[in-house]
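Some notes on the structure that comes next.
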Amino acid sequence: MELLSKLGIDWRLLVWQIVNFGIVLLVLKKFALGPVMRALDERAKKLEQGLRDAEEAKTVKVAAESEREKILAAARNESGRIVAEARKEAEVLREELHSRAKKEVDGLLLTGKNALKAEKELMLGEAKSELGLLVVEAVGKVLSRALTKEDEESLLVAAARELKTKL
């Protein structure tokens, strides 16, 4: 102890200082260091949880992107199929409309031809009638006598037959 005295250190004071330091250390450990360490532990846990959540979110994002790409690919395929189907239906409809139009035109042409044929026959019949009357009149004048109704009809029939063979 003499050595401590020579150095100017009072050993009783030193003991009390060590005891005071221990008490302060225990108080700090209990009231300051404990809560600080708990706060640091909680902070570390929150950081670890945040990292796990970020990793999980990244995995979910990658899965969602993959799912989105699958859905887009399926939608592209579906739209392509719908467009192809619409084109086929449009082609069938176009063919059907073309067929209907052709039938309608053919029908109109046939109707027109029939009408022309009927008109031609009517005109020929009228021409034959008039020609027959003219022939009868001409023959009547040439023969200088009046023909009976029966003579006129027989001459008309004969003239009509002759015209048919010439036409």
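Once the chain from SER79 to PHE21 is taken as fully extended at 0.36 nm per residue, the excess over their C-alpha distance is 12.8 nm. Once label points are set 7 Å from the Cα along Cα→Cβ at both LEU109 and GLN49, what is their separation, rounded to one decimal in nm? The two pseudo-label positions are separated by 8.7 nm.
Under the simplified labelling scheme, the ALA118-ASP41 pair shows an inter-label distance of 11.2 nm, with each label point 7 Å from Cα along Cα→Cβ.
The label point for LEU134 and the one for GLU91, both projected 7 Å from the Cα toward the Cβ, are 6.3 nm apart. Normalising the Debye intensity of the range 1-89 to I(0), with uniform scatterers on Cα atoms only, and taking log10 at q = 0.24 Å⁻¹ returns -1.07. Packing, taken as the mean count of other beta carbons within 10 Å per residue, orders the peptides 21-28, 151-158 from highest to lowest as 151-158, 21-28.
Bear in mind these aren't lab numbers, they're just calculated from the coordinates by the rules spelled out. Only a predicted model underlies this, so the values are computations on that prediction, with no experimental measurement involved. Reconstructed Cβ throughout: ideal geometry from the backbone, glycine too, with neighbour counts over all protein chains shown.
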